[in-house]
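One structure below.
The values are calculated or read from the model by the stated rules, or taken from the named source; none is laboratory data. Predicted model, so just to flag it, every value in this text is computed and none were measured. We place every Cβ from the backbone using ideal geometry, glycine too, and count neighbours over all the protein chains shown.
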Amino acid sequence: MANGNPFFETWTTPFGAAPFDRIRMEHFRPAYDAALIAHRAEIDAIAANPDAATFANTIEALERSGAALEKVSSVFDNLSGTISDEPIRALDRELSPILSRHYSAINLDPKLFARVDAVFQARHSLGLNAEQLRLVERSHKGFVRSGAALNDHDRERHAAINERLSMLGTQFSQNVLKDESDYILLLDGEADLAGLPPEFLPGAAALASERGHAGKHAVSLSRGAVEDFLTHSTRRDLREKLLNAFLLRGQGGGETDNRAIIAETLALRQERARLLGYKSYAEYKLDDTMAGDTDAVYELMQNVWRPGREQALKDRSRLQALIEQEGGNFELAPHDWRHYSEKLRRADYAIDDAQLRPYFDLDRMIEAAFYVAGKLFGLVFEERRDIPVYHGDVRVFEARDAHGKHVALFFGDYFSRSSKHGGAWMSAFRRQRNLDGEQRPIIVNVLNIAKPAAGAPALISITEAHTLFHEFGHALHGMLSNLTYPGLSGTAVSPDFVELPSQLYEHWLLTREVLTRFALHHETGAPIPDALIDRIHAADKFNQGFATVEFCSSAFVDMDAHMADLQDDPLTHEAATLQRIENPAEIPMRHRSPHFGHIYSGEGYAAGYYSYLWSAVLDQDAFAAFRETGDVFNPELAQKLRDNIYAAGNLRDPKEAYTRFRGRLPDVKPLLEARGFA
């Protein structure tokens, strides 16, 4: 079975990176089979240990278990999102219930839980350090929230629900990917290209050629491509056609329709939450977050929604007036908002996307993200070409500290392709740990930027540059982690805290020091003019009503869906929520339910999409701390940020961690001011 299979070998590649040049599709299933057997044997040995339960033979032993399974799953999970061809999708569907049963059996093992519970009950008398005590408490809570304290009948039902939810989540994700990858908007002739900037065309031509339409242009359902087209195209009919296709992903009525999946998912989540003693899934989910309960979440959303909606309505009137000034005889529609708001931005601030994009070259923005990491945390990045990659577009960098010591490997997968899931994310090929020796992490960022023609620069929008910095903030959270136990390391924190390192990092993108160094004209090399930087900052609050409404409507739908039993079709429920909050019809949800992967492809952000807004309060308040010092790279504050946020993982309760950095809990005022609402 081990013959020629890299997963049964010790990897001798630099830093023990996965040997992607040798890994083949046929290697995964044998590796999973062997790893599952090995992991089960490790768990059985812990549960059956005749010695009294101790931290070392129970909690620490659990942290050591599953190495072979993590080795194969970390590779497969990343590939299933980035090169998701049919063989990978088929294996993903096959493995999903198997893995769910495997982990349910562990989480619901009564003998194992009895040992974990024994250590938990005695934890204050065991002489544990702060990290060990935190690990015991988090491990015990994880078992309880996974159903370990239930009776036999309820444990069995809990496991069945988990298995079914795993299958539903996989199918939901694959349905959305299929809708996205099957669709293109074909542009045939100059008339269809009206208004599109020159840098948009090479990628559109390449996509058309790839789909068998050489000599034409095409637009995919990648969010970046859609938003670019909606912003620039003067063809209102084509804008409407593309936006409708984007909004209708996952609800086409055929085999990729996700509405039945959503309904079953919500019902199963509610049932499982009630098995665990909660009134609703939302109550269950928020019990283990910084927010703490649904009242706190709804209060925050309402406090931002009200002024955001008010501003959006004012902007709507201005956009309608602009349409009429241009002689348009139509009412503002969703496919018009980005197009006319870009015109309004140009009129108000003498600035537009076409003017800015030449200064935002992808390669230089990557350098900018590295530069900020150097200024704040002393990191140096060097590209490595001796490490195998899973796709030719992927780049690898080694991160070292100021003394030249290895910190992490960083994989950057920046360009969109039909086999890649939409959106952007960070994940790990290997997590940081210091248990049984130092193990430094291998982190990956995935984006979906349109690939330029060969030899041409990849010029990106400010929005895409923000996304790059955002995901790199997540990457630093993984790379700078410095804990003993993997169960607490890196991004293993509550969902409404995990976005703080990423959203905070975005603030440094538009600092004058970063822009003057890295926002260089791609043809002349001239730095972005000071006057243009001033206009960027002046326009920073522009269209914040739209952004707030677009986000909050999705967050309200998410919370409402997980608060009570869903009696209607999910789209009927979605419409009811939008009506209740009086959502402006001209601003669609950022993620409509049938393609809302954050909450239905898995449970990471289910009843938790609000987390981005909660973290926005944190990140605005945190960056205000730097501004208050007069130095956005203040070294003393940067060290506190590293020690208490980026390197600390889940060592402490989020409120304590933030207070250790800031000296107090966050204030919502900087967020409202940043959006122009206060």
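Determine, yes or no, whether E94 is in the same structural domain as G127 (by TED's automatic domain parsing) and farther than 30 Å from K178 by Cβ. Talk me through it step by step, then tell me what you get.
Working: in the same structural domain as G127 (by TED's automatic domain parsing): yes; farther than 30 Å from K178 by Cβ: no.
So E94 fails the test.
Filter the range 248-266 down to residues that are in a helix (DSSP H, G or I) and not hydrophobic (A, V, I, L, M, F, W, C) and give me whichever is farthest from S341 (Cα to Cα).
Filtering the range 248-266 for residues in a helix (DSSP H, G or I) gives 259-266.
Remaining after also requiring not hydrophobic (A, V, I, L, M, F, W, C): 259, 264-265.
On the way: R259: 33, E264: 39, T265: 37 Å.
Result: E264.
Please go through the range 342-367 and give me each residue that is touching a strand residue (DSSP E or B) at 6+ places or on another chain (Cβ under 7 Å) and either in a strand (DSSP E or B) or of a type in the set (S, T, N, Q) (or both), ordered by number.
Hit for the range 342-367 is D361, nothing else.
Of everything in the range 111-147, what is within 20 Å of N650 (Cα to Cα), part of a helix (DSSP H, G or I) and polar (S, T, N, Q)? Give them in sequence order.
Q132, S139
Specify which of the listed residues (L578, L651, L641, L637) is within 30 Å of K314 (Cβ to Cβ) and either in contact with a strand residue (DSSP E or B) (Cβ under 8 Å, 6 or more places away or on another chain) or modelled with pLDDT of 95 or more (or both).
Numbers: L651 fails: within 30 Å of K314 (Cβ to Cβ); L641 fails: within 30 Å of K314 (Cβ to Cβ); L637 fails: within 30 Å of K314 (Cβ to Cβ).
Exactly one of L578, L651, L641, L637 is within 30 Å of K314 (Cβ to Cβ) and either in contact with a strand residue (DSSP E or B) (Cβ under 8 Å, 6 or more places away or on another chain) or modelled with pLDDT of 95 or more (or both), namely L578.
Return only the number of the condition from (1) within 24 Å of R517 (Cβ to Cβ); (2) touching a strand residue (DSSP E or B) at 6+ places or on another chain (Cβ under 6 Å); (3) buried (at least 16 other Cβ atoms within 10 Å of the Cβ) that V394 does not satisfy.
(1)
Does the range 21-28 include one or more residues that are over 30 Å from L133 (Cβ atoms), among the basic types (K, R), exposed (fewer than 14 other Cβ atoms within 10 Å of the Cβ) and within 28 Å of the chain's Cα centre (by Cα)? Talk me through it step by step, then tell me what you get.
So the first thing to find is which residues in the range 21-28 are over 30 Å from L133 (Cβ atoms), and the list is 21-28.
If we keep only those that are among the basic types (K, R) too, we end up with 22, 24.
Still in the running and exposed (fewer than 14 other Cβ atoms within 10 Å of the Cβ): 24.
When the remaining residues are screened for being within 28 Å of the chain's Cα centre (by Cα), the result is 24.
The answer is yes, given that some residue of the range 21-28 is over 30 Å from L133 (Cβ atoms), among the basic types (K, R), exposed (fewer than 14 other Cβ atoms within 10 Å of the Cβ) and within 28 Å of the chain's Cα centre (by Cα).
Listed here are the residues, each with its yes/no results for (1) in contact (Cβ under 8 Å) with a residue 40 or more places away in the chain; (2) more than 23 Å from S100 (Cα to Cα); (3) polar (S, T, N, Q).
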position: V116; (1), (2), (3): yes, no, no
position: L126; (1), (2), (3): yes, yes, no
position: A130; (1), (2), (3): yes, yes, no
position: L133; (1), (2), (3): no, yes, no
position: A218; (1), (2), (3): no, yes, no
position: T231; (1), (2), (3): yes, yes, yes
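Only one of (1) aromatic (F, W, Y); (2) loosely packed, with under 15 Cβ neighbours inside 10 Å; (3) under 30 Å from E656 (Cα atoms) is not met by W305, so which one is it?
(2)
Go through (1) within 30 Å of S317 (Cβ to Cβ); (2) assigned by TED's automatic domain parsing to the domain that holds H477; (3) acidic (D, E) one by one and return the number of the condition E382 breaks.
In the conditions (1) within 30 Å of S317 (Cβ to Cβ); (2) assigned by TED's automatic domain parsing to the domain that holds H477; (3) acidic (D, E), E382 misses (1) alone.
Exactly one of (1) under 17 Å from the mean Cα position of the chain (by Cα); (2) at positive phi is unmet by H595. Its number?
Only one criterion is unmet by H595, namely (2).
State whether the residues of the range 637-659 include one that is surrounded by fewer than 18 Cβ atoms within 10 Å (Cβ to Cβ), under 18 Å from L480 (Cβ atoms) and of a type outside the set (D, E, K, R). So that I can check it myself, show each step before the final result.
Taking the range 637-659 and keeping what is surrounded by fewer than 18 Cβ atoms within 10 Å (Cβ to Cβ), we get 639-640, 643, 653, 655-656, 659.
With under 18 Å from L480 (Cβ atoms) added as a condition, the list becomes 639-640, 643.
Subsequent filtering for residues that are of a type outside the set (D, E, K, R) retains 639.
The answer is yes; a qualifying residue exists.
Those residues that are in a loop (DSSP other than H, G, I, E, B) and within 30 Å of G608 (Cα to Cα), I need them from the range 297-337; list them, please. Can you show your working first?
Quick first cut of the range 297-337, residues in a loop (DSSP other than H, G, I, E, B) only: 326-333.
If the condition is that a residue be in a loop (DSSP other than H, G, I, E, B) and within 30 Å of G608 (Cα to Cα), then A333 is the only one that fits.
Every residue in the range 624-636 that is small (G, A, S) and either under 22 Å from Y485 (Cβ atoms) or out of contact with any helix residue (DSSP H, G or I) (no Cβ under 8 Å at 6 or more places or on another chain) (or both), please.
G630 - this is the single residue of the range 624-636 that is small (G, A, S) and either under 22 Å from Y485 (Cβ atoms) or out of contact with any helix residue (DSSP H, G or I) (no Cβ under 8 Å at 6 or more places or on another chain) (or both).
Run down Y610, Y646, Y605, Y600 and say which single residue is touching a Phe, Trp or Tyr at 6+ places or on another chain (Cβ under 6 Å) and touching a residue at least 60 places away in the same chain (Cβ under 8 Å). Break it down stepwise before answering.
Working: Y610 fails: touching a Phe, Trp or Tyr at 6+ places or on another chain (Cβ under 6 Å); Y646 fails: touching a Phe, Trp or Tyr at 6+ places or on another chain (Cβ under 6 Å); Y605 fails: touching a Phe, Trp or Tyr at 6+ places or on another chain (Cβ under 6 Å).
Being touching a Phe, Trp or Tyr at 6+ places or on another chain (Cβ under 6 Å) and touching a residue at least 60 places away in the same chain (Cβ under 8 Å) holds for just one of Y610, Y646, Y605, Y600, which is Y600.
Would you confirm, using the coordinates I've provided, whether V632 is outside any helix (DSSP H, G or I) and modelled with pLDDT of 95 or more? If you could, list the steps in order and put the result at the bottom.
On the way: outside any helix (DSSP H, G or I): yes; modelled with pLDDT of 95 or more: yes.
So V632 passes the test.
Tally up the residues in the range 437-468 that are on the phi > 0 side of the Ramachandran plot and surrounded by 22 or more Cβ atoms within 10 Å (Cβ to Cβ), please.
So the first thing to find is which residues in the range 437-468 are on the phi > 0 side of the Ramachandran plot, and the list is 437, 455.
In the following step, the residues that additionally are surrounded by 22 or more Cβ atoms within 10 Å (Cβ to Cβ) were identified as none.
Final tally of qualifying residues: 0.
V176: closer than 21 Å to A354 by Cα and β-branched (V, I, T), yes or no? Reasoning before the result, please.
Values: closer than 21 Å to A354 by Cα: no; β-branched (V, I, T): yes.
Judged against the criteria, V176 is not a match.
Which pairs do you get when a residue that is within 23 Å of L509 (Cα to Cα), found in the range 437-465, comes within reach of a residue that is part of a loop (DSSP other than H, G, I, E, B) and of a type in the set (K, R), reach meaning Cβ atoms under 6 angstrom, with the pair 6+ apart or on two chains?
Taking only residues 6 or more apart or on different chains, not a single pair turns up.
Would you say R395 is of a type in the set (K, R), within 23 Å of the chain's Cα centre (by Cα) and closer than 23 Å to L509 by Cβ? Please lay out each step first, then the result.
On the way: of a type in the set (K, R): yes; within 23 Å of the chain's Cα centre (by Cα): yes; closer than 23 Å to L509 by Cβ: yes.
It is true that R395 is of a type in the set (K, R), within 23 Å of the chain's Cα centre (by Cα) and closer than 23 Å to L509 by Cβ.
Return yes or no: is G604 surrounded by fewer than 21 Cβ atoms within 10 Å (Cβ to Cβ) and at pLDDT below 95?
Taking the combined requirement at face value, the residue satisfies it.
Report, by residue number, each residue of the range 180-203 that is in a helix (DSSP H, G or I) and at pLDDT 95 or above. Give the steps one after another, and end with the answer.
Taking the range 180-203 as the starting set, the residues that turn out to be in a helix (DSSP H, G or I) are 180-182, 190-193, 198-203.
Scanning the range 180-203 gives E190, A191, D192, L193.
I'm told T289 meets every condition in (1) buried (at least 17 other Cβ atoms within 10 Å of the Cβ); (2) part of a helix (DSSP H, G or I) except one. Can you identify the failing condition by its number?
(2)
Determine which member of the set A225, A245 is aliphatic (A, V, I, L, M), in a helix (DSSP H, G or I) and surrounded by fewer than 20 Cβ atoms within 10 Å (Cβ to Cβ). Steps first, answer last, please.
Numbers: A225 fails: surrounded by fewer than 20 Cβ atoms within 10 Å (Cβ to Cβ).
Criteria check complete, one pass: A245.
Conditions (1) under 19 Å from F677 (Cα atoms); (2) in contact with a Phe, Trp or Tyr (Cβ under 8 Å, 6 or more places away or on another chain); (3) at pLDDT below 95, marked per residue:
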| position | (1), (2), (3) |
| --- | --- |
| Y298 | yes, no, no |
| V304 | yes, yes, no |
| R309 | yes, no, no |
| L322 | no, yes, no |
| G327 | no, no, no |
| E331 | no, no, no |
| R338 | no, no, no |
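Identify the single condition in (1) outside any helix (DSSP H, G or I); (2) in contact (Cβ under 8 Å) with a residue 40 or more places away in the chain; (3) not aromatic (F, W, Y) that D568 does not satisfy, given that it satisfies every other one.
Result: D568 passes all but (2).
Mind listing whichever residues of the range 648-663 are of a type in the set (A, V, I, L, M, F, W, C) and assigned to a loop (DSSP other than H, G, I, E, B)? Give the steps one after another, and end with the answer.
From the range 648-663, those of a type in the set (A, V, I, L, M, F, W, C) are 648, 651, 657, 661; that's our starting set.
A648, L651 - these are the residues of the range 648-663 that are of a type in the set (A, V, I, L, M, F, W, C) and assigned to a loop (DSSP other than H, G, I, E, B).
Of all the helices (runs of 4 or more DSSP H) wholly in the range 1-110, which have at least 1 residues that are touching a residue at least 40 places away in the same chain (Cβ under 8 Å) and touching a Gly at 6+ places or on another chain (Cβ under 6 Å)?
28-47, 61-64
Tell me which residues, restricted to the range 509-527, are outside any helix (DSSP H, G or I) and β-branched (V, I, T).
Correct list: T511, T524.
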